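Notes follow the structure.
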Amino acid sequence: MAYEYDEENVFAKILRGEIPNDTVMETEHTLAFRDIRPQAPVHVLVIPKGKYVNFDHFAAEASAEELADFMRVVGEVARQMGVAPGEGGGGYRTISNAGVHGVQEVPHFHLHILGGRRLGRMLPAS
């Protein structure tokens, strides 16, 4: 499947240094920064530096190094933010939206780490 990457999306601009961010962690392949509209006391966005539209695009086309680096950054950010249960935190949620039905607002793969309080149900029980 072909993915069309928008070079003008907000995360591409952040990666190019055109828009400032509140960096939590940065590696060769990944950037983590605080969300400008936090939905929880801890709300960090983790993005790959590569041009990936959504999770399935990233999973299919990223290098092994990019994949491993991204996952390690997510875990390390959870620890640094004090929300990782194995490190004494109360827990966290990771969310990645994809496409229209997933309500993806920025067409650059990103994962939200939310925590710092008890979070409500993700979707209503049916």
Q) If one takes the longest principal axis of the Cα atoms in the chain, at what angle in degrees, from 0 to 90 and to the nearest 10, does the Cα axis of helix 64-80 lie? A) 30 degrees
Q. When only Cα pairs under 8 Å and 6 or more residues apart are kept, what is the percent relative contact order across the chain?
A. 29 percent
Q) In sequence order, what are the phi-derived ³J(HN,Hα) couplings for region 104-109 according to the Karplus relation 6.51 cos²θ - 1.76 cosθ + 1.60 with θ = phi - 60°, rounded to whole Hz, with x for glycine and proline? A) 6, 8, 10, x, 9, 3
Q.
Given R₀ = 41 Å, what would the calculated FRET efficiency be for residue 6 paired with residue 121, taking r from the Cβ atoms and rounding to 0.05?
A. 0.80
Q) Which residues' amide hydrogens lie under 5 Å from the amide hydrogen of residue 30, considering only partners 5 or more residues apart or on another chain, with H built in the peptide plane? A) 49
Q) Listing 81, 25, 71 from the residue with the fewest other Cβ atoms within 10 Å to the one with the most, what is the order? A) 71, 25, 81
Q. Taking the alpha carbon gyration tensor of the chain, what are the square roots of 5 times its eigenvalues, largest first, to the nearest whole Å?
A. 23, 18, 15
Q) Near the amide H of residue 35, under 5 Å away, which other amide H atoms are found, from residues 5 or more places off or on another chain, if H is placed in the peptide plane? A) 43, 44, 45
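Values in this text are rule-based calculations from the coordinates and carry no lab data. Because the structure is predicted, anything quoted here is derived from the model rather than measured. Because the Cβ atoms are built from the backbone with ideal geometry, glycine has one as well, and the counts that use them run over all protein chains shown.
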